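Working notes, beginning with the structure itself.
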Amino acid sequence: MDKSSVQFVQMSQNEASNSSNRKRKTLNLINLPRKRLRFQGSYRQQNWPFRNSFINYITKTPSNAKAWQKLIQSCKYFFAKNPIIVVDSLNFSREWEVFTNTSAGRLQKGIPPNNVSYKLWIAETLSILYGANPKDVSSIMPQICRCDATKLFFYGQILTYDEFLFFSRNIEILHLNSSCVKNGNGIVATNENNTNVPLEKLVKTLVNLKKIFGEIDPSHSCITSNTVKELLEIPHFSKIDNFTLYKIPEVFDIDTFFIYIKKNKYTEFYLYFAGSISEEYKVCLEKIVDEILQTETHNYKLPWIYFDGLAEEKKRKMRYMNERFSAL
């Protein structure tokens, strides 16, 4: 027998041996007891390599949005048992809409109100624009199972403090335009439920906050005489990138705050004061503006301070100094 024939015989014997081993392994697997989960209706029977208790656990307690998204895409059983849809953004303008980022682009879809067939998991942004009902945040609450959003945009909304905590645990950017947060949980009716949560209490809970933008509603003001003092006692307040407020009332302690501004070299401040402030308060503001304009070298980020009655020339100079400072 030549060399090539010998090699062919050896290969055939090896293949036969491997085939025999595979058959034995297959028989052993067939004989192993299996626990099976059965689906209702059109769902096919599934053979899991895990205990039913483990499958139930990961179905009912998903750990994060990305993992859950992959899980429901891999097998529709998980969504059938726990109907949660992960969306990048939930927005309201004229109607509720969800946005999901995909490799093909950003998908947009309207959702009917009070849909009880599934719940939403918000991954990035929750936005409620002008024209919404003041209670739209509260109305969508039953449909949201979890909110990991890093951006909140609330316009003209009235929230309870519990609702705010639910939405804001991961917030980095907060816009509260003509919106307010009420003390209490909205369930037990007490006099406290009608009081506004002050700005400093909201900021204190937002440990990841980078930018805050607010237009103060005079009828639901979150600014108190203690706001400045208590803001400055919050450790992470000094690490905020941007602090912008509109319609700031006279109770805001601007003298103390300006001392802090000159020590803070990190935050950009944009302060727009309410038209209702007194002439005496305007004098205090103008003195601060004059100090900023007359100082040649600034060791802090220049704030933008605006109020009705500030001379146009001073506004132009301040704008020019801010633009030049920002370009450095």
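The values are calculated or read from the model by the stated rules, or taken from the named source; none is laboratory data. Just so it is clear, the structure is predicted and the values come from calculations on it, not from any experiment. Cβ: placed from backbone, ideal geometry, glycine included. Neighbour counts: every protein chain shown.
List every residue pair whose Cβ atoms lie under 9 Å apart, where the two residues are 6 or more positions apart in sequence or sit on different chains, the first residue falls within segment 166-178 and is closer than 19 Å to CYS222 by Cα, and the second residue, located anywhere, is surrounded by fewer than 20 Cβ atoms within 10 Å (Cβ to Cβ) and among the small types (Gly, Ala, Ser).
So the pair list comes out as HIS175/SER127; ASN177/GLY156; SER178/GLY156.
Please determine, by comparing only the residues of segment 31-89 that are of a type in the set (Phe, Trp, Tyr) and touching a Lys or Arg at 6+ places or on another chain (Cβ under 8 Å), which one is modelled with the highest pLDDT.
TRP48
For segment 224-273, which residues satisfy the criterion of being in contact with a Pro (Cβ under 7 Å, 6 or more places away or on another chain) and under 12 Å from VAL203 (Cβ atoms)?
Hit for segment 224-273 is THR227, nothing else.
Here is a list of conditions, (1) closer than 27 Å to HIS175 by Cβ; (2) without any contact (Cβ under 8 Å) to a residue 24 or more places away in the chain; (3) acidic (Asp, Glu), and GLU280 meets all of them except one; can you say which number that is?
Unmet condition: (1).
Would you confirm whether any residue within segment 172-191 is more than 23 Å from the chain's Cα centre (by Cα), surrounded by fewer than 20 Cβ atoms within 10 Å (Cβ to Cβ) and in a helix (DSSP H, G or I)?
Filtering segment 172-191 down to residues more than 23 Å from the chain's Cα centre (by Cα) leaves 187-191.
When the remaining residues are screened for being surrounded by fewer than 20 Cβ atoms within 10 Å (Cβ to Cβ), the result is 187-191.
Okay, now just the ones that are also in a helix (DSSP H, G or I), so 191.
The answer is yes, given that some residue of segment 172-191 is more than 23 Å from the chain's Cα centre (by Cα), surrounded by fewer than 20 Cβ atoms within 10 Å (Cβ to Cβ) and in a helix (DSSP H, G or I).
Would you pick out the residues in segment 45-65 that are assigned to a helix (DSSP H, G or I) and without any contact (Cβ under 8 Å) to a residue 40 or more places away in the chain? Give the steps one after another, and end with the answer.
To start, the set of residues in segment 45-65 that are assigned to a helix (DSSP H, G or I) comprises 52-60, 65.
Of everything in segment 45-65, those that are assigned to a helix (DSSP H, G or I) and without any contact (Cβ under 8 Å) to a residue 40 or more places away in the chain turn out to be ASN52, SER53, PHE54, ILE55, ASN56, TYR57, ILE58, THR59, LYS60.
Filter segment 290-323 down to residues that are of a type in the set (A, V, I, L, M) and either more than 18 Å from LEU245 (Cβ to Cβ) or under 35 Å from the mean Cα position of the chain (by Cα) (or both) and give me whichever is surrounded by the fewest Cβ atoms within 10 Å (Cβ to Cβ).
Checked segment 290-323; the qualifying residue surrounded by the fewest Cβ atoms within 10 Å (Cβ to Cβ) is ALA311.
From the residues in segment 231-252 that are surrounded by 20 or more Cβ atoms within 10 Å (Cβ to Cβ) and part of a loop (DSSP other than H, G, I, E, B), which one is nearest to the chain's Cα centre (by Cα)? Don't jump to the end; show me each part of the working.
Step one: filter segment 231-252 for residues surrounded by 20 or more Cβ atoms within 10 Å (Cβ to Cβ), giving 231, 237, 240, 243, 245, 248, 252.
When the remaining residues are screened for being part of a loop (DSSP other than H, G, I, E, B), the result is 240, 252.
On the way: ILE240: 16, PHE252: 28 Å.
It comes out as ILE240.
Mind listing whichever residues of segment 206-223 are in a loop (DSSP other than H, G, I, E, B) and either farther than 23 Å from ASN194 by Cα or touching a Leu at 6+ places or on another chain (Cβ under 8 Å) (or both)?
Looking only at segment 206-223, we keep the residues that are in a loop (DSSP other than H, G, I, E, B), and these are 206-210, 216-217, 221-223.
Selection gives LEU206, VAL207, ASN208, LEU209, LYS210, ILE216, CYS222, ILE223.
Hey, can you tell me all the residues within segment 259-286 that are charged (D, E, K, R) and not in a helix (DSSP H, G or I)?
LYS265, GLU268
Going by the structure shown, is LYS287 touching a Phe, Trp or Tyr at 6+ places or on another chain (Cβ under 8 Å) and either over 23 Å from PRO218 (Cβ atoms) or at pLDDT 95 or above (or both)?
No.
Looking only at segment 248-267, count every residue that is farther than 19 Å from LEU310 by Cβ and in contact with a strand residue (DSSP E or B) (Cβ under 9 Å, 6 or more places away or on another chain) and tell me the total.
Of the residues in that region, 1 qualify.
Take segment 266-286 and flag every residue that is over 20 Å from LEU245 (Cβ atoms) and of a type in the set (D, E, K, R).
GLU279, GLU280 - these are the residues of segment 266-286 that are over 20 Å from LEU245 (Cβ atoms) and of a type in the set (D, E, K, R).
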